[in-house]
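The values are calculated or read from the model by the stated rules, or taken from the named source; none is laboratory data. Because the structure is predicted, anything quoted here is derived from the model rather than measured. Note that we place each Cβ from the backbone using ideal geometry, even for glycine, and neighbour counts take in every protein chain shown.
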Amino acid sequence: MTCLPAKTDKALGLVIDLDTCVGCHACVTACKGWNDQGYGAPLSDQNPYGSDPSGTFLNRVHSYQVVPDLTGGVQAAAQIINFPRSCLHCADAPCVTVCPTGASYKRVEDGIVLVNEDACIGCGLCAWACPYGAREMDADAGVMKKCTLCVDRIYNENLPEEDREPACVRTCPTGARHFGDLGDPDSDVSKLVASRGGYDLMPEQATRPTNKYLPPRKKDRPDQASLLAPLLDIQATGFAGWLDKVLGKL
Amino acid sequence: MHPARSVIIFTVLSGLGFGFLAFLGAGLVQPSGWAAFWLWGLGYALAVGGLLSSTFHLGNPQRALLAFTQWRSSWLSREAWAAVAALLCLAPMALSDWLGLGLPRIIGLLGAVLCALTILSTSMIYAQIRAVPRWNNASVPAAFMALALGGGAILADQTGLAVVLLAASGAAMAWHWRQGDQAFAAAGSTMGTATGLGDIGRVEVFELPHTGGNYLLREMIFVVGRKHAQKVRIIAMACAVVLPMVCLLLLPPFVGLLAALAAYLIGAFAQRWLFFAQAEHVVGLYYGKR
Ligand code: SF4
Ligand code: SF4
Ligand code: SF4
């Protein structure tokens, strides 16, 4: 049923630390790898070794350059921020309500948003409704693919305990991805969000995302346009210094 | 948004078909005998043909019947119901006109209302999508409804009504463009809100997440041809609104109708192409594109 549950027992989701992420794309690869063999149709690639490769992914890592606003007429150095983007398992998920077939649904027990691929007609409307580009139609299977929050790992008793978390979280070498119940204020992830000022993406879209992003930490010393600036300001001494002064006066 | 051919054909033809069926149902034209057969047949052919065309863009059309299940939340599902209900409800009226059965007109009137609901549902599929600000407002149902009914009135050979509805369609179109041009800014989504990094400063793309294309870029970040938008608007307004009026008013009856219809179709296709091609999805912000 594509009506949304009024409340879910848990709100499982991810917390992504933009301070820590180094943009290595390991989560992208781990996600693609796991979802090639697990839940539903495998994520296909088209023309992977050709001139115009394309494929289905559930997680993508962008890199942004953020140029800080001028403070007191001083331009601080730009920051590079790597930005993983996947389904946010929204509480008010517009992708679910638009689905005509009931293929898209949000689970009452844990809030995970899933696609039942056997019912999906591949109309693509849910991908239009998602503001975050979290859904991609698989060109081979003609069904909608999206992050499953690795539902086939997190409850999977055939896996060793430490592997019962999403593939992207498990693989992240810097620990920039955290998984847990964001509906429980006492969970580790909720505490992390509270202490680091975690935020929602595009709150104006009124989707109430479950996943939260942690902002880059403030720099511990004032930024400069270039870290090399002090080294570049060379003061000539001795004969060269005298020459510099004389020539400067001419 | 990518202007998919099947969806443009679907919305224009089935809109015209349901607009025409509404006039036939309401009894504004009351053909009889074989004339009724052909006119009703034309209405059904347009409506059904359009609906069939829409299934061409499905990944798995063999499961299309499942689209009837979620009418409680989904406008696409409601559209499916309204369309089938309208077509079924009008069938006895069509037979009655053709064979002179004399069934009460109230059946046709009910069918006409269902036709209008179908057109409304089609437009709401787009108007409900908040992530495409240009679509997410009342001008969309107004423009769809007026365009479909205006076309229906041309086919129904109702010159007076057609002129009024075409004028309304022109007004709704202009409203949609005006509203649409301000919509993205009004929605308030920027690269800053999309990434949440706007508090730090100006956000720019440093590197894209993939070097090749993907579904998002193909489907939702369609930028080709937008630079001709102004010209296409003029074509749409001239062909879908002004020319049909002129043809209907100045040319001899049958020739006028055919010329008006031809112009209308060109204009309607231009308008619908633009409706998609110009619509910007907020996901483009992640890619630094709109
Ligand atoms: S991020 Fe997109 S696909 Fe995921 S729940 Fe929210 S709206 Fe749906
Ligand atoms: S593509 Fe599939 S899951 Fe998405 S709205 Fe259509 S039927 Fe539902
Ligand atoms: S939770 Fe699983 S499916 Fe979702 S992005 Fe991570 S690895 Fe991919």
Screening A:103, A:91 for residues that are of a type in the set (Gly, Ala, Ser), more than 16 Å from ligand 3 (Cβ to nearest atom) and more than 10 Å from every other protein chain (Cβ to nearest Cβ) leaves only A:91
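Here is a check on your reading of the model: is residue B:185 out of contact with any helix residue (DSSP H, G or I) (no Cβ under 8 Å at 6 or more places or on another chain) and within 14 Å of chain A (Cβ to nearest Cβ)? Lay out the reasoning, then the answer.
Working: out of contact with any helix residue (DSSP H, G or I) (no Cβ under 8 Å at 6 or more places or on another chain): yes; within 14 Å of chain A (Cβ to nearest Cβ): yes.
Taking the combined requirement at face value, the residue satisfies it.
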Only one residue in B:103, B:110 is assigned to a loop (DSSP other than H, G, I, E, B) and surrounded by fewer than 18 Cβ atoms within 10 Å (Cβ to Cβ). Which one? B:103
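Return yes or no: is residue A:77 more than 10 Å from chain B (Cβ to nearest Cβ), away from ligand 3 (no atom under 12 Å from the Cβ) and in contact (Cβ under 8 Å) with a residue 12 or more places away in the chain?
Working: more than 10 Å from chain B (Cβ to nearest Cβ): yes; away from ligand 3 (no atom under 12 Å from the Cβ): yes; in contact (Cβ under 8 Å) with a residue 12 or more places away in the chain: yes.
Spelling it out, residue A:77 is indeed more than 10 Å from chain B (Cβ to nearest Cβ), away from ligand 3 (no atom under 12 Å from the Cβ) and in contact (Cβ under 8 Å) with a residue 12 or more places away in the chain.
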Which residues, counting only those in segment A:4-55, are of a type in the set (D, E, K, R), within 13 Å of another protein chain (Cβ to nearest Cβ) and either within 15 Å of ligand 1 (Cβ to nearest atom) or under 30 Å from residue A:97 (Cα atoms) (or both)? A:17, A:32, A:45
Hey, residue B:71 hits all of (1) part of a helix (DSSP H, G or I); (2) free of Cβ contacts under 8 Å to residues at least 60 places away in the same chain; (3) not small (Gly, Ala, Ser) but one; which does it fall short on? (1)
Only one of these is within 16 Å of ligand 2 (Cβ to nearest atom) and part of a loop (DSSP other than H, G, I, E, B): A:40, A:23, A:50. Name it. A:40
Condition first: crowded, with 24+ Cβ neighbours inside 10 Å, touching a Phe, Trp or Tyr at 6+ places or on another chain (Cβ under 9 Å) and farther than 19 Å from residue B:129 by Cβ. Can you find one or more residues in segment A:86-102 that meet it? yes
Mind counting the residues in segment B:191-207 that are more than 7 Å from chain A (Cβ to nearest Cβ) and outside any helix (DSSP H, G or I)? 2
Reported set for segment B:209-225 where residues are facing another protein chain (nearest Cβ under 7 Å) and in contact with a Ser or Thr (Cβ under 9 Å, 6 or more places away or on another chain) is B:209, B:210, B:212, B:213, B:214, B:215
Could you tell me which of the residues A:136, A:165, A:117 is among the acidic types (Asp, Glu) and away from ligand 2 (no atom under 16 Å from the Cβ)? A:165
Can you tell me which of B:51, B:65, B:46, B:42 is under 20 Å from residue A:98 (Cβ atoms), under 19 Å from the mean Cα position of the chain (by Cα) and outside the structural domain of residue B:272 (by TED's automatic domain parsing)? B:51
